[in-house]
Amino acid sequence: MTRATGIIAVVGPTATGKTHRAVALATELSGEIISGDSRQVYRGMDLGTGKDLDEYGSVPYHLIDVAQAGDKYNLHRFLRDARNAEQEIRRRGNLPIICGGTGMYVEAFLNDLALPEVPENRELRQKLEGKPLDELTRILAGMKTLHNVTDVDTVKRAVRAIEIQTYYQEHPEEAASASPRQRKDAVIVGVDVPREVRRQRITARLKARLENGMLDEVCNLLDSGVTADDLIYYGLEYKFLTLHLTGELSFDDMFSQLEIAIHQFAKRQMTWFRGMERRGFTINWLPYDMPDDEFVSAVRELIKS
């Protein structure tokens, strides 16, 4: 078993087998995995977020099941928790491997961002109350470039994004601390899947998750006190399954709309990673169907170089 230094990032769109690849690397390189997924942090949200905990075996993992369902985990908390996890991993002499498809989280971590905790601005929220999403989107677009479309997925997200940007404008010294400083010790590996294969894998995985009880998972979350609005806020599986369970969508409509939404999400993920490349990151794309031993060998060579 070979030990490596620095940090490895395994990225790619949904349904590409990133976790499996990260586990293979961790097993061979004495690594521990930091999840770079914005929804796997929530307890009880397992099938819908694709935690695949059985994949990890004896490999330690971090930032999974660290928040209560219904909570609003955010980038600030992720960066704090990811840095703490990295420090713990390094103290044990192991290699940190960040794995996930939430490009904003992974890029911010690899940029070593230091985000201030932005408090609630009640006066601003009152001014924005009642404004439609398209108007909020225009307001936010006037304040910054919208690299991150998830900022304007919902009214709540858009209001929070405007709140954060307003805070930065009023506190430029803190905004300066959020300037990117790209880490030089990172090797970034992308799992490359042809578009049509990716679409097939997404559809097959969605069917399998529904067969394995994803509807029951959402029912249990609702029964435990998590509100329908909170589940809809999490998007994708939780949004559409909640709309079905609350009678707003038939099963067939839920499936077809969710399938389309996941395909669109995967496309946005790839757009983000291509954007990272334009912003100066080198992503080494390796075929999704590469045998594990060849994948690990290829990453070893990237580390050496």
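The values are calculated or read from the model by the stated rules, or taken from the named source; none is laboratory data. Everything numeric here is computed off the predicted structure, so don't read it as measured data. For neighbour counting, all protein chains shown are included, and Cβ atoms are generated from backbone atoms with ideal geometry for every residue, glycine included. The accessibility values were calculated without ligands, DNA or RNA, using every heavy atom of the protein model including side chains. Shrake-Rupley method; radii C 1.70, N 1.55, O 1.52, S 1.80 Å.
Mind checking which residues of segment 223-243 are among the polar types (S, T, N, Q) and within 14 Å of residue 72 (Cα to Cα)?
Here is the first cut: in segment 223-243, the residues among the polar types (S, T, N, Q) are 224, 227, 242.
Of everything in segment 223-243, just one residue is among the polar types (S, T, N, Q) and within 14 Å of residue 72 (Cα to Cα), namely 227.
Inside segment 276-285, can you point out the residues that are touching a helix residue (DSSP H, G or I) at 6+ places or on another chain (Cβ under 6 Å) and either over 21 Å from residue 105 (Cα atoms) or not β-branched (Val, Ile, Thr) (or both)?
To start, the set of residues in segment 276-285 that are touching a helix residue (DSSP H, G or I) at 6+ places or on another chain (Cβ under 6 Å) comprises 276, 283-284.
Scanning segment 276-285 gives 276, 284.
Out of 34, 64, which single residue is within 27 Å of residue 271 (Cβ to Cβ), in contact with a Ser or Thr (Cβ under 8 Å, 6 or more places away or on another chain) and not in a helix (DSSP H, G or I)? Break it down into steps so the answer makes sense when it comes.
Values: 34 fails: in contact with a Ser or Thr (Cβ under 8 Å, 6 or more places away or on another chain).
Being within 27 Å of residue 271 (Cβ to Cβ), in contact with a Ser or Thr (Cβ under 8 Å, 6 or more places away or on another chain) and not in a helix (DSSP H, G or I) holds for just one of 34, 64, which is 64.
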Legend entry - Hits in segment 197-231 (condition: assigned to a loop (DSSP other than H, G, I, E, B), within 27 Å of residue 157 (Cα to Cα) and open to solvent by 30 Å² or more (accessible area, probe 1.4 Å)): 224, 225, 227
Inset, instruction - Would you check which residues across segment 19-71 are open to solvent by 10 Å² or more (accessible area, probe 1.4 Å), touching a residue at least 40 places away in the same chain (Cβ under 8 Å) and more than 23 Å from residue 192 (Cβ to Cβ) and list them? - result: 30, 39, 44, 46, 47, 69, 70
Legend entry - Given (1) within 17 Å of residue 10 (Cα to Cα); (2) out of contact with any strand residue (DSSP E or B) (no Cβ under 8 Å at 6 or more places or on another chain); (3) of a type outside the set (Asp, Glu); (4) part of a loop (DSSP other than H, G, I, E, B), number of the condition residue 118 does not satisfy: (1)
Inset, instruction - With the checklist (1) closer than 27 Å to residue 239 by Cα; (2) assigned to a loop (DSSP other than H, G, I, E, B) in hand, flag the one item residue 59 doesn't pass. - result: (1)
Legend entry - Odd one out for residue 16, checked against (1) of a type in the set (Ser, Thr, Tyr); (2) surrounded by fewer than 19 Cβ atoms within 10 Å (Cβ to Cβ); (3) part of a loop (DSSP other than H, G, I, E, B): (2)
Legend entry - Residue satisfying all of: in segment 80-115; of a type in the set (A, V, I, L, M, F, W, C) and farther than 16 Å from residue 8 by Cα; modelled with the highest pLDDT among these: 104
Inset, instruction - For segment 151-167, name all the residues that are at pLDDT below 85, closer than 30 Å to residue 282 by Cα and open to solvent by less than 60 Å² (accessible area, probe 1.4 Å). - result: 151, 152
Inset, instruction - Output the residues belonging to segment 113-124 that are surrounded by 14 or more Cβ atoms within 10 Å (Cβ to Cβ) and of a type outside the set (S, T, N, Q). - result: 113, 114, 115, 116, 118, 124
Inset, instruction - Take segment 285-304 and flag every residue that is open to solvent by 40 Å² or more (accessible area, probe 1.4 Å), of a type outside the set (A, V, I, L, M) and touching a strand residue (DSSP E or B) at 6+ places or on another chain (Cβ under 9 Å). - result: 285, 287, 288, 294
Legend entry - Pair list, Cβ < 6 Å and 6+ apart or interchain, from segment 233-258 residues that are on the phi < 0 side of the Ramachandran plot and part of a helix (DSSP H, G or I) to residues that are polar (S, T, N, Q) and surrounded by 13 or more Cβ atoms within 10 Å (Cβ to Cβ): 240/257
Inset, instruction - Provide a single number: the residues in segment 250-264 that are open to solvent by 30 Å² or more (accessible area, probe 1.4 Å) and among the aliphatic types (A, V, I, L, M). - result: 1
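Take the residues in segment 72-92 that are of a type in the set (Asp, Glu) and either free of Cβ contacts under 8 Å to residues at least 60 places away in the same chain or under 17 Å from residue 42 (Cβ atoms) (or both); name whichever of them is surrounded by the most Cβ atoms within 10 Å (Cβ to Cβ). Spell out how you get there, then give the answer.
Step one: filter segment 72-92 for residues of a type in the set (Asp, Glu), giving 81, 86, 88.
This time we only want the ones that are either free of Cβ contacts under 8 Å to residues at least 60 places away in the same chain or under 17 Å from residue 42 (Cβ atoms) (or both), so: 81, 88.
Working: 81: 18, 88: 15.
Among them, the one singled out is 81.
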